Amino acid sequence: MSLVLQKTSPTGTRATRVIGVVTILVMAWVVVSGLIFTPQDVVQGESVRIMYVHVPSAWIAYLAFIVTAVASAGWLFGKKHSMGFDRFAGASAEVGVMFMAITLITGSLWGRLTWGEFWQWDPRLTTTAFLFVTYLGYLAVRRLEGSKEQRARRSAVVAMLAVLEIPLVHFSVVLWRSLHQGATVLNPSGDVKMDGLMLFTLFSGVVGFTLVFVWLVLHRQRTMLLVDIANSQGLDAAIATRRAEGVAS
Amino acid sequence: MKSVTKSKVISAVLLKDLRIELRSRVLTNQVLPFAGLVLVMFAFALDNDDVLQRVAGGLVWLATLFSLFIIVQRSFAVDTTDGALDSLRVAGVDLSAVFFGKAIALAVKLVALDVVLVCGALLLYRVDLNLNGLVLLVTCVICATTGLGFVGTLYGGLTAGAKGRETLLPLLLLPVVAPVLIAATRATEAAFGSGGAQTSEGWAWIGLLTVFAAVFGVGGSLAFGPLIDE
Amino acid sequence: MKSVTKSKVISAVLLKDLRIELRSRVLTNQVLPFAGLVLVMFAFALDNDDVLQRVAGGLVWLATLFSLFIIVQRSFAVDTTDGALDSLRVAGVDLSAVFFGKAIALAVKLVALDVVLVCGALLLYRVDLNLNGLVLLVTCVICATTGLGFVGTLYGGLTAGAKGRETLLPLLLLPVVAPVLIAATRATEAAFGSGGAQTSEGWAWIGLLTVFAAVFGVGGSLAFGPLIDE
Amino acid sequence: MSAANGVAPGVAHSNVIEFADVVIVYENFPAVAGATFSVAPGEIVLLQGPNGAGKTTLLRACAGLLPINRGDARVLNCDLRLDRYAVRTKVGLLGHANGLFQDLTVAENMSFWSRLVGASAQDVAQAMSVMGLADRLSETRVANLSAGQRRRCALATLIVRRAQLWLLDEPHAGLDTQGRDELDRTLRSAREAGATVVFASHEIDRAQKLATRCLTVSGGVVSES
Amino acid sequence: MSAANGVAPGVAHSNVIEFADVVIVYENFPAVAGATFSVAPGEIVLLQGPNGAGKTTLLRACAGLLPINRGDARVLNCDLRLDRYAVRTKVGLLGHANGLFQDLTVAENMSFWSRLVGASAQDVAQAMSVMGLADRLSETRVANLSAGQRRRCALATLIVRRAQLWLLDEPHAGLDTQGRDELDRTLRSAREAGATVVFASHEIDRAQKLATRCLTVSGGVVSES
Ligand code: HEM
Ligand SMILES: Nc1ncnc2c1ncn2[C@@H]1O[C@H](COP(=O)(O)OP(=O)(O)OP(=O)(O)O)[C@@H](O)[C@H]1O
Ligand SMILES: Nc1ncnc2c1ncn2[C@@H]1O[C@H](COP(=O)(O)OP(=O)(O)OP(=O)(O)O)[C@@H](O)[C@H]1O
Ligand SMILES: [Mg+2]
Ligand SMILES: [Mg+2]
């Protein structure tokens, strides 16, 4: 057992190292371009630069939750119920919650600058908060007592239902008249009204955040695997103690 | 053992849940006064017909939501106290049928509650209701309670199995039922004509409620079994 | 058997109730989100700073009241599920000490809840609070929760004894706690300065709350024993 | 054990339990329908009889938990018709339920009940070791115990009470053989210390060996057997 | 009883239960720590052992209620590691709890459970009369039954299941002597009809008479005895 642990103990591989380097490069470009190269907004002034964090983090949170749902489906409907899917689902949800938190924080900072308030009871904001809470609930479900199998089954179901909230968040601006920015980029008609460099920087941000996401998930699911292995080693000792109880009496 | 048809299981579970409610009267003696209080309190606190009419729809559904928590908890407490849920699992019955049975029972209770609440709101808040509005309102109540019945049963099942889980129910249920709350509120406002809303606006919301109910009906019937299995 | 002093019983019961709460986290995981929901939903439903500020005080106490029901029920459910209440009765301990122990535990939980609720209301409803208001508010919370602790424990005991009674709790409790609801709401409104209310007006209501707490403290300590004895 | 646990010398001659034609009604069903029996100090009395005979009802009545609808009932010189409360400081009851708090550990349950009855820490430790609850189990939440372990914990809370009259409802149920032997020993030594024991049981063989006298309950009536 | 209740002829040679080195963990306590045993069709197997040995855990695992953490477990030709659900239509479990609805009467409980498993009205009536629940008791709410009567009701719901594998956790506890005899008769006749029985018990004498084979559980391990 300890052999297995040693062989698998580093959480990085050559691939993750490459991803890490690329991530750093892309993010560096986003920082430089976002803070220096891109112009101010006519209406919003300097505060528009928050967008390069706010919007990608929101989208990558969506992406993370979708990955969670897909991995959950993989576990649930796969013949072998491979635990790898479950670990990916969990890792992706954790990273997604982090990105969602970044969206909420940057959003409220931005709101303070544009609306003068950190928070408004606006549909987009409220639904985003609900999405965040939903995935906190998902993580809580993962922490419930029970076997790995139970954990995987329960959380898979929750994940596949929770992902349905994303369209609600996305279309909330349309469903209710909202203070929040409507779909400027991902709008149905497809014509984007935005300065070319701003748009490029925004998409660089999306690419960079995606890479961050991939890097984090790969490492996180690896640590989860190691925890599982360590737990099963603890179990051997516990089994020995338990058997001794029987011999003693 | 003979195999049992799905509809037989549904009706057995439904009857059982309703009969227990009739015996223990949790809904009438415990939930209703509770929900009624919300309405009365507001009638007192905001002694202003304008505001009251505007919030009437929201209050009805807010009260429904609170009651949902209590009813769901109670509905599963009945099954878990003496290990009946374990027996159900071991009986090898089709758990999706159990899901539908419990969900329908829950929806029936919610409808009963909402009828009282809506009547209360009409009286206390002096809301006018025309025929179009009434049709919209009835549809809204049916769609919304069906959806709530499904989602309440699904998450109730998830949290009923083992210790420590029951405290998760509100956390899980809250964000999920929020859309129902909003949609049902808007539809009810349209039916009440609050703030000059048109009845026609309401029907769009009914669509959302229907989608919600359908999603959780299908999702629940598939997921309930695996979920209550610890 | 040695005789046990009253204070020892009080502290044992108090400790036990609080420890169970810490283990099961019903308050933090179940009641708080529930009460928080009342605040958030209303903020969402009545997106109007004026109205919100006016009802802020009422909402805090309404949420407290709802929570009271749940906490009381839970507090006695813990004692009745495995027959511990019977054991308590047969242990021959001074039941008025049990009453005080449970009532204090209940009040402590309510205070914890109200601190969160008041902070929530301050944030969500953008209420301003000056120092005078704060002193009034703290006094109000202490007096009101003490009173609610006494009356909740008394009626909880009454309804915990035998079957069928538990559904009676809200019915019995509602009219009795109505004065607390009103007095505490008015005092809180005065503290928040809602609708131009003066802080000084609030202190009159505090008097009422104190009388209420005293009456139910004395009444409860006398009546609790006979009541839980079926 | 100290003399305080025994029966005071002055009352040693009168009966510990004295029921005459007692009727106890639930809603409108008379579970006990005219029971007449008495128990002398220092006896270990077995109540045997079919399911639903009224054994549990009789035991709960002796503990002062149920109102007497008719007849005369005296327990430890307290008249149950006049005052069901006075008797409670002197009896210990183990019912079908265990009376434990599921969210607390065994040790916490023990310390709670022992504080209520003023038992010493030493007594608690002894009761727990007698019932095999020391070590790992003492830090386990009651909800995570096996059925028999829970029963042992309930018995331990009873032992620290050192009651004058022990009332036990199927005390052997759920215990393993070793636990049963331990329990029998405990009851016998309680008797030697001056206590009286009344218990209901369906383990007739073991119970008859333990008991000094057997009463048969049937249809709410008690008869000698 | 019809042939459908028995084991199909084709599989009669394979074991009903086949556990190999099974580990079952609660949180992080291995209640079953490497259990190996098998039960052949038509046996009546007794699980005996001290409190906390793991008997209840084993029975619940056989019913497909608990996940298996390690080892191989097959019950009625279903692999519990792959699918814990398939086995459930074929087994009947009586746990420590009764699985009854307190607010319903005995008859209502019976009709609920019998409808779920598709039992006939005649079977129900017979099970109720075997367990002595006909007449007055059938219209009584379960909450108003005595402990033994409740246990009888739980047994009656089990009898109508006519399972291929009966799993009983201390079935004798709470029953009076007559009820125990009746239960033993029922189990023997179920066996004659082709069913297999596994039960845990602390009434060693009676249980050993009933059983065709005894297994001892101790410290989460099973051994022949
Ligand atoms: C706490 C406050 C806020 C939250 C929770 C929030 C949340 C979100 C979310 C979830 C998205 C992704 C929407 C989607 O594509 O489905 C988003 C996008 C966006 N947000 Fe915010 N936001 C907040 C405040 C703001 C503010 C103050 C502004 C600017 C005035 C803003 C501007 C934008 C823009 C421009 C987009 C991209 C819209 C698109 O093209 O689809 N947000 N926000
Ligand atoms: N939910 C749980 N969580 C943690 N540990 C548990 C749980 N349930 C049981 N245990 C532990 O597992 C062990 C086996 O329990 P089990 O109920 O199987 O015993 P048993 O043989 O049925 O005992 P008994 O004769 O007392 O009924 C016990 O030591 C118990 O403390
Ligand atoms: N709460 C109640 N309401 C109405 N009837 C009751 C109630 N509790 C018990 N009974 C009835 O009273 C009778 C006696 O019950 P009791 O519990 O005293 O029996 P018991 O001798 O202890 O039986 P067992 O051996 O099954 O424990 C039973 O017939 C039962 O149906
Ligand atoms: Mg009994
Ligand atoms: Mg057991």
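All of the numbers you see were taken from the coordinates with simple rules; none came from a lab. Everything quoted here is computed from the prediction, not taken from an experiment. Note that we place each Cβ from the backbone using ideal geometry, even for glycine, and neighbour counts take in every protein chain shown.
Can you put D:I159, A:I36, A:I50 in order of Cβ neighbours within 10 angstrom, beginning with the fewest?
On the way: D:I159 26, A:I36 8, A:I50 18.
Least crowded to most crowded, the residues run A:I36, A:I50, D:I159.
For chain E, modelled as a Gaussian network with Cα springs under 10 Å, which listed residue fluctuates most, E:L158, E:L116, E:L66?
Answer for the Gaussian network model of chain E: E:L116.
Which aspartates and glutamates have a Cα lying under 12 Å from the Cα of B:K8, excluding residues fewer than 8 positions away in the same chain?
By straight Cα distance, B:K8 reaches B:D94.
Using the Cα centre as the reference, give the magnitude of the dipole from point charges on the C-beta atoms of segment E:113-225 (Lys, Arg: +1; Asp, Glu: -1; all else neutral), rounded to the nearest 20 debye.
240
With a 10 Å Cβ neighbour count serving as the proxy for reagent exposure, in which order, fewest first, do C:E21, D:E182 appear?
D:E182, C:E21
Beyond 60 Å, how much of the Cα-Cα pair distribution for the protein assembly as shown remains, as a whole percent?
In whole percent, the long-distance tail amounts to 16.
Would you work out if segment A:18-81 is rounded, prolate or oblate? Take a ≥ b ≥ c from the square roots of the eigenvalues of the alpha-carbon gyration tensor; rounded if a/c is under 1.5, else prolate when a/b is larger than b/c, oblate otherwise.
In terms of gyration-tensor shape, oblate.
Of all DSSP beta bridges located in segment D:103-225, what percent are antiparallel, nearest 5?
Roughly 50 percent of the beta bridges in segment D:103-225 run antiparallel, per DSSP.
Could you tell me how many degrees, from 0 to 90 and to the nearest 10, lie between the Cα long axis of helix B:199-228 and the main elongation axis, the longest principal axis, of the Cα atoms of chain B?
Once rounded, the angle reads 20 degrees.
Taking a ≥ b ≥ c as the square roots of the Cα gyration tensor eigenvalues, with a/c under 1.5 meaning rounded and otherwise prolate when a/b beats b/c, else oblate, which class fits chain A?
The shape class here is prolate.
Where both partners of a DSSP beta bridge lie in the protein assembly as shown, what percent of those bridges are antiparallel, to the nearest 5?
55
In debye, nearest 20: dipole of chain A around its Cα centre with unit charges on the Cβ of K, R (+) and D, E (-)?
Roughly 860 debye, rounded to the nearest 20.
Which one, A:A152, D:P67, C:V211, is farthest towards the positive end of the dipole of the protein assembly as shown when Lys and Arg carry +1 and Asp and Glu -1 on their Cβ?
A:A152
What area, in nm² and to one decimal, does the C-alpha convex hull of chain D cast on average over all directions?
Here the figure is 11.9 nm², rounded to one decimal.
Compute the longest continuous run of chain A that contains no exposed trypsin sites (Lys or Arg not before Pro); treat a site as exposed when its DSSP state is not H, G, I, E or B and it has at most 16 other Cβ atoms within 10 Å.
Longest site-free region, per DSSP loop and neighbour criteria: A:1-78.
Among A:S57, A:S72, A:S82, which one moves the most in a GNM of chain A with springs linking Cα atoms closer than 10 Å?
Maximum fluctuation in the GNM of chain A, among the listed residues, is at A:S82.
Quick one, could you list the DSSP H helices from chain A stretching 20 Å or more along their long axis (Cα atoms) with average Kyte-Doolittle hydropathy of 0.0 or above?
Answer set is A:14-32, A:51-77, A:83-114, A:123-142, A:196-248.
Relative to the first principal axis of the alpha-carbon coordinates of chain C, what is the inclination of helix C:95-124, with its axis defined by its Cα atoms, in degrees from 0 to 90 and to the nearest 10?
Computed tilt is about 20 degrees.
Could you work out the percent of alpha carbon pairs in segment C:2-229 separated by over 26 Å, rounded to a whole number?
In whole percent, the share of Cα-Cα pairs in segment C:2-229 beyond 26 Å is 37.
Suppose every K and R has +1 on its Cβ and every D and E has -1 on its Cβ; what is the size of the dipole of segment B:2-229 about the Cα centre, in Debye to the nearest 20?
Details: 16 positive and 15 negative charges, 152 e Å.
Dipole size: approximately 720 debye.
Tell me the mean residue ellipticity at 222 nm calculated for chain A from its helices only (DSSP H runs of n ≥ 4, each -39500 (n - 2.57), averaged over every residue, nearest 500).
Working: 8 runs with 184 residues, N = 249.
Value at 222 nm, helices only, nearest 500: -26000 deg cm²/dmol.
Roughly what angle does helix E:177-192 make with the longest principal axis of chain E, taking Cα atoms, 0 to 90 degrees, to the nearest 10?
Once rounded, the angle reads 60 degrees.
With point charges of +1 on the Cβ of Lys and Arg and -1 on the Cβ of Asp and Glu, referenced to the Cα centre of the protein assembly as shown, which listed residue (C:A105, E:T177, C:S11) lies farthest in the positive direction of the dipole?
Value: E:T177.
Please work out the C-alpha center-to-center distance from segment E:41-118 to segment D:181-214 and express it in whole Å.
Segment E:41-118 and segment D:181-214 have Cα centres separated by 35 Å.
Among A:L125, A:L161, A:L235, determine the one that fluctuates most according to a GNM of chain A built with springs between C-alpha atoms less than 10 Å apart.
Comparing A:L125, A:L161, A:L235 in a Gaussian network model of chain A, the most mobile one is A:L235.
As I understand it, the dipole of segment D:35-177 uses +1 on the Cβ of Lys and Arg and -1 on the Cβ of Asp and Glu, about the Cα centre. Which of D:T105, D:L158, D:A134 lies farthest toward its positive end?
Positive-end residue among those listed: D:L158.
Only counting other Cβ atoms within 10 Å, I'd like D:D205, E:D176, A:D41 sorted with the fewest neighbours first.
Lowest count first: D:D205, A:D41, E:D176.
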